[in-house]
Amino acid sequence: MQLTVTALVTTLSLTLLSACSTKPNHEVSSASTVLPPSVKWQTQSKEYPLITRAIYRDAALQLMQRELPTNWVVVMDVDETVLDNSGYQAMLSQSGQSYSTASWNQWVKSKQAKLVPGASDFITSVVSAGGKVALVTNRNKQLDSYTWQNLEAMGLPINTDNTCLMGRSQADKDAVDGQQIVNDKDLRRQQLMTGDVDCYNPSDEAVAEWSQPHNIVMQVGDNIEDIAKTTQASADPSALLPRFGKDIVILPNPMYGSW
Ligand SMILES: [Mg+2]
């Protein structure tokens, strides 16, 4: 009986190997066959870049038509807003893993994220018009150097004078009181408005620049909590709609979120 089972397993293994070896390489190695629809949509559809580019184009046009205050800043999230992390999601799918802080931090350190289509043109419009960008991200603040290097490697027109990168610290989480600080990005938005910010690696000049109070003219993200004083639970899409494209912009992210 033992011999019979062993022979069966051997025969099956050889059959499987034979079947694999006769398949064209592109079929065997095709990653798309194992990607969940959300990752496939973000990485392969024509709809995704069309939508993100259109949203960013319209946001830039809207901004340039406005009368802007002095010291104006656009607050932007990073992940799935400026940087496209579909490569990380694809890696998780292909290796049968779920999200973990360890693998995420490793991904951030690898600096392999690409750009969300349209983000570069939008940031270029902002800084060319004399505005600044505050990148308020929930990546760990201790990883800011990797995030910054990734952003620079993508050719964005950023420097520490025109762009303030602020990763999330424990203080951001602790500050949430459900009243004035509703989500863990609210503290950093308030700091921008008072000039009490802690930007990544600022020059002396940048410190002086960012120590001034700033006027937030637009908030851009992929998550409803990228909007000040908003939570997933409390957000009212009907109330937010009139603001969309004016002072708030939300990009599509089908892969993950606070929902
Ligand atoms: Mg995001």
Legend entry - Pairs, first under 12 Å from residue 78 (Cβ atoms) and of a type in the set (Ser, Thr, Tyr) in the stretch 156-167, second modelled with pLDDT of 95 or more and part of a strand (DSSP E or B), C-beta under 7 Å, six or more apart: 163/132; 163/133; 163/135
Inset, instruction - Could you grab me the full set of residues in the stretch 71-110 that are in a loop (DSSP other than H, G, I, E, B), within 23 Å of residue 185 (Cβ to Cβ) and out of contact with any Pro (no Cβ under 9 Å at 6 or more places or on another chain)? - result: 77, 78, 81, 82, 85, 99, 100
Legend entry - Breaking point among (1) surrounded by fewer than 18 Cβ atoms within 10 Å (Cβ to Cβ); (2) part of a helix (DSSP H, G or I); (3) within 16 Å of the ligand (Cβ to nearest atom), for residue 150: (1)
Legend entry - Matching option when the condition is closer than 17 Å to residue 165 by Cα, in contact with a helix residue (DSSP H, G or I) (Cβ under 7 Å, 6 or more places away or on another chain) and away from the ligand (no atom under 16 Å from the Cβ), among 111, 132: 111
Inset, instruction - Tell me the helices (runs of 4 or more DSSP H) entirely within the stretch 185-254 that contain at least 2 residues that are out of contact with any Phe, Trp or Tyr (no Cβ under 9 Å at 6 or more places or on another chain) and within 16 Å of the ligand (Cβ to nearest atom). - result: 186-194
Inset, instruction - Just need a number here: residues in the stretch 44-70 that are surrounded by fewer than 20 Cβ atoms within 10 Å (Cβ to Cβ), part of a helix (DSSP H, G or I) and among the small types (Gly, Ala, Ser). - result: 1
Inset, instruction - Filter the stretch 72-104 down to residues that are touching a Lys or Arg at 6+ places or on another chain (Cβ under 9 Å) and surrounded by fewer than 18 Cβ atoms within 10 Å (Cβ to Cβ) and give me whichever is nearest to residue 42 (Cα to Cα). - result: 87
Legend entry - Hits in the stretch 122-140 (condition: in contact (Cβ under 8 Å) with a residue 40 or more places away in the chain and under 16 Å from residue 77 (Cα atoms)): 122, 123, 126, 132, 133, 134, 135, 136, 137, 138, 139
Inset, instruction - May I ask you to list the residues in the stretch 157-179 that are assigned to a loop (DSSP other than H, G, I, E, B) and surrounded by fewer than 20 Cβ atoms within 10 Å (Cβ to Cβ)? - result: 157, 159, 160, 161, 162, 169, 175, 176, 177, 178, 179
Inset, instruction - Kindly indicate whether residue 44 is away from the ligand (no atom under 16 Å from the Cβ) and closer than 26 Å to residue 99 by Cα. - result: yes
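The values are calculated or read from the model by the stated rules, or taken from the named source; none is laboratory data. Please read these numbers as outputs of a predicted model, since none were measured by experiment. When we count neighbours, we look across all protein chains shown, and the Cβ atoms used for this are built from the backbone with ideal geometry, even at glycine.
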